[in-house]
1. Looking for something more than 24 Å from residue A:20 (Cα to Cα), under 10 Å from the mean Cα position of the chain (by Cα) and within 13 Å of chain C (Cβ to nearest Cβ) - is there at least one such residue anywhere in the stretch A:120-140?
2. Residues that are closer than 24 Å to residue B:233 by Cβ: which strands (runs of 3 or more DSSP E) entirely in the stretch B:63-151 hold 3 or more of them?
3. Return the residues of the stretch C:30-86 that are touching a Cys at 6+ places or on another chain (Cβ under 9 Å), more than 8 Å from every other protein chain (Cβ to nearest Cβ), outside any strand (DSSP E or B) and free of Cβ contacts under 8 Å to residues at least 40 places away in the same chain; say none if nothing qualifies.
4. Condition first: over 28 Å from residue A:38 (Cβ atoms) and more than 7 Å from every other protein chain (Cβ to nearest Cβ). Can you find one or more residues in the stretch C:2-12 that meet it?
5. Quick one: count up the residues across the stretch A:151-168 that are basic (Lys, Arg) and either at pLDDT below 95 or part of a helix (DSSP H, G or I) (or both).
6. Considering only the stretch A:169-198, state which residues are away from chain C (no Cβ under 11 Å), over 15 Å from the mean Cα position of the chain (by Cα) and either touching a residue at least 24 places away in the same chain (Cβ under 8 Å) or part of a strand (DSSP E or B) (or both).
7. Just checking, does the stretch B:201-214 include any residue being out of contact with any Gly (no Cβ under 9 Å at 6 or more places or on another chain), among the aliphatic types (A, V, I, L, M), more than 27 Å from residue C:44 (Cβ to Cβ) and not assigned by TED's automatic domain parsing to the domain that holds residue B:24?
Amino acid sequence: MNIVSPGFTGRRRGGTELPPGQYLTHEFPVLSAGPTPHVRTEHWEFTVTTESGEMYRWDWPALMALPAEEITKDIHCVTRWSKLQTTWKGVSLDTLLADVETGADYAMAHSYGGYTTNLPLEDLLDGQSWIAYEYDDEPLDPEHGGPARLLVPHLYFWKSAKWVRGLVLSDTEDLGFWETAGYHEYGDPWKEQRYAGD
Amino acid sequence: MERTAIRRRLTWQVGTVTDVRRETETARTLVLEVPEWQGHLAGQHLDVRLTAEDGYRASRSYSVASAWTGDTIELTVEQVPRGEVSPYLVDVLKVGDPLEIRGPVGGWFVWTPEQEGPVQLIGGGSGVVPLRAMLRAHAAAASTTKARLLYSVRRPESVIYVSDLKELAASDDVDVRLVYTREAPAGEPRIGRIDADLISQYAFKPEDGATTYVCGPTPFVETVADLLVAAGHDPAKVRTERFGPTGGPR
Amino acid sequence: MSDYLDGNVAAGPLSELFAVDLTAAIAQCNGCGHTTVFAESRVYADAPGLVARCVGCDSVLLRIVTTPNDTYLDLRGLTYLRVPTT
């Protein structure tokens, strides 16, 4: 059936600065698959577990002690909104993983609240991802993933796990929360990899 | 309604807008003729799907506002600020336009005239829409079941179905009580949300064995459901439906 | 923050898959055993899909993702759905 709704345009889409199928928003929509965890920084920790089972651990003061970067990036949500030039502060995964001994190809990000998402390890390195704890010069709000979230802006934003608590590195690719329910295992917005098989 | 009418997989079908009625500054009722419609129960909802010229689609769920009497169905849509679908339905769609719908759906938040015991309806804002369908079904069946509606609105201008509710309330078996949270009309001293006092004063008592239907934004529904349970109502006889704006197109 | 709706909102996508209405079915949580009408579960809809969670323990009961070609339905979080047949 091909019914066109007369006069319906939907949110304005397109523009050369946007990936295909995205529309521009100036708001910051809150998407959530569950209740918002409220993790106090004194209880917060971030761990990296390697394929051999070795665990590296940072608490909040340890994260704060690491060199932070100011990040300005466009973000693209698979629900079709894009937001340009968002500003963050956080620690590069290059810094966190510098002393981690691993030959793994894949990472699974785990969050407080149970969310997971999978990424190739190489997409977390070389200045492509951060553990972000400030947005727009303010501490990251819990509804946007505070106290700290993963930020991987070159992939659809579901990969930027809110309330991140750790990475588990592996030689094999496992699928995360949305990736096991039909979303693309990689999620490149410029190739419009929304769903499995795209 | 025959069970067979809902025991099938649903697909999208096309209705035509035959009339529109402005209810408030931000809400409009659409009257639709849907040739394939197989009827619905009061309280059920349907999904509306819009398609742009370039194939872009957005869909949302709306409660049916009318009882099924064999001809048309009505939807009442409240405009969501910065929404995508509701502004189109409230301001753009016109008589004669097609509208794609899928339904009816939902088998829990429904009332049928055969149901035993009194019926208590509690609505917040446009949460009154499915409750109005229940009162319409009550009237259409000339039911003598006792029905009460508690309808919470911000101010007098926010009331939808003003004349309709007056007409329904004229029945000896139906009682309608409006609750104003921000501004009340002259002669109404009470301004404030539904609270325990109001429930004990205007709702059926737990021993009356009523089934209660609560519909509105999530915080409203949570508050009212908690008040009912705290007042001794059986949680199994409290049915709820929550709505809210959605973050983006799906 | 009330960022959830309820199981009623899943009725549309489920009706494309099943001939009976599953929102009125009794659902048991695989996590904590809490048993309730599915329509009364919490559904997070502002997300890439619909995620229904247990009122008792917040575990995921059901997920639905609608893609242009398929619908993914994950029922892992449910011990059972009891569907009235009369």
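The values are calculated or read from the model by the stated rules, or taken from the named source; none is laboratory data. Being a predicted model, the structure only gives us computed values, none of them experimental. In this analysis, Cβ positions are derived from the backbone assuming ideal geometry, glycine residues included, and neighbour counts consider all displayed protein chains.
1. Just the residues of the stretch A:120-140 that are more than 24 Å from residue A:20 (Cα to Cα), to begin with: A:121-122, A:125-127, A:130-140.
If we keep only those that are under 10 Å from the mean Cα position of the chain (by Cα) as well, we get A:130-132.
Narrowing further to those that are within 13 Å of chain C (Cβ to nearest Cβ): none.
Within the stretch A:120-140 (the criterion being more than 24 Å from residue A:20 (Cα to Cα), under 10 Å from the mean Cα position of the chain (by Cα) and within 13 Å of chain C (Cβ to nearest Cβ)), the answer is no, since none of the residues qualifies.
2. On the way: elements: B:72-78, B:98-105, B:119-124.
Those strands (runs of 3 or more DSSP E) span B:119-124.
3. Result: C:32, C:34, C:41, C:54, C:55, C:56, C:57, C:59.
4. Residues of the stretch C:2-12 that are over 28 Å from residue A:38 (Cβ atoms), as a first pass: C:11-12.
Then keep just the ones that are more than 7 Å from every other protein chain (Cβ to nearest Cβ); that gives none.
Taking every residue of the stretch C:2-12 in turn, none turns out to be over 28 Å from residue A:38 (Cβ atoms) and more than 7 Å from every other protein chain (Cβ to nearest Cβ).
5. Result for the stretch A:151-168: 1.
6. Keep residues of the stretch A:169-198 that are away from chain C (no Cβ under 11 Å), which gives A:169-176, A:185-186, A:188-193.
Going one step further and asking which of them are over 15 Å from the mean Cα position of the chain (by Cα), we end up with A:169-174, A:190-193.
Hits for the stretch A:169-198 are A:169, A:170, A:171, A:172, A:173, A:174, A:190, A:192, A:193.
7. Checking the stretch B:201-214: at least one residue is out of contact with any Gly (no Cβ under 9 Å at 6 or more places or on another chain), among the aliphatic types (A, V, I, L, M), more than 27 Å from residue C:44 (Cβ to Cβ) and not assigned by TED's automatic domain parsing to the domain that holds residue B:24.
A quick yes/no check of all residues on (1) touching a Phe, Trp or Tyr at 6+ places or on another chain (Cβ under 8 Å); (2) within 27 Å of residue C:84 (Cα to Cα); (3) free of Cβ contacts under 8 Å to residues at least 40 places away in the same chain:
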| residue | (1), (2), (3) |
| --- | --- |
| B:41 | yes, yes, no |
| B:55 | no, no, yes |
| B:71 | no, no, yes |
| B:97 | no, no, no |
| B:105 | no, yes, no |
| B:118 | yes, yes, no |
| B:125 | yes, no, no |
| B:131 | yes, yes, no |
